[in-house]
Amino acid sequence: FPNQYTEQEAKKLGVVGWVKNTSQGTVTGQVQGPEERVNEMKSWLSKVGSPSSRIDKTSFSNEKEISKLDFSDFNTRY
C-alpha cells in the first residue's frame, strides 16, 4: 500500500499527522511538527513520494503555527 512509504518517511523525520487516499485518485493529509521537519516532509511529498506514485502537483494549505501537536503518531486513514 503506497501510504506505508509516507508513514515511514514521516516517522523517520519525526512529524505526526495522517494521510488518506481519496476517491479522486489523490492523496490528502495533515502534517504537524517542527517547521524544518514539516518542510522536509513537504519536499519529500512533492519530489519523491511512494515508488508507485506519480506526482503531478502538490498543494499545501492552512499552514499555521500551533502551540501543541494534535497527533501523537503518523498513520493512514481509510
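The values are calculated or read from the model by the stated rules, or taken from the named source; none is laboratory data. It should be emphasised that the depicted structure is a prediction, and the values quoted were computed from it without experimental measurement. Backbone-built Cβ (ideal geometry, glycine too); neighbour counts: all protein chains shown.
Quick grid of which residues meet (1) at pLDDT below 95; (2) in contact with a strand residue (DSSP E or B) (Cβ under 7 Å, 6 or more places away or on another chain); (3) surrounded by 13 or more Cβ atoms within 10 Å (Cβ to Cβ):
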| site | (1), (2), (3) |
| --- | --- |
| 23 | yes, no, no |
| 32 | no, yes, yes |
| 41 | no, yes, yes |
| 53 | yes, no, yes |
| 77 | yes, yes, no |
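Please work out if residue 67 is surrounded by fewer than 10 Cβ atoms within 10 Å (Cβ to Cβ) and touching a residue at least 12 places away in the same chain (Cβ under 8 Å).
Criteria not met by residue 67.
Against the definition (out of contact with any Ser or Thr (no Cβ under 7 Å at 6 or more places or on another chain) and loosely packed, with under 12 Cβ neighbours inside 10 Å), how does residue 8 come out, yes or no? Spell out the reasoning first.
On the way: out of contact with any Ser or Thr (no Cβ under 7 Å at 6 or more places or on another chain): yes; loosely packed, with under 12 Cβ neighbours inside 10 Å: no.
For residue 8, the condition - out of contact with any Ser or Thr (no Cβ under 7 Å at 6 or more places or on another chain) and loosely packed, with under 12 Cβ neighbours inside 10 Å - is not met.
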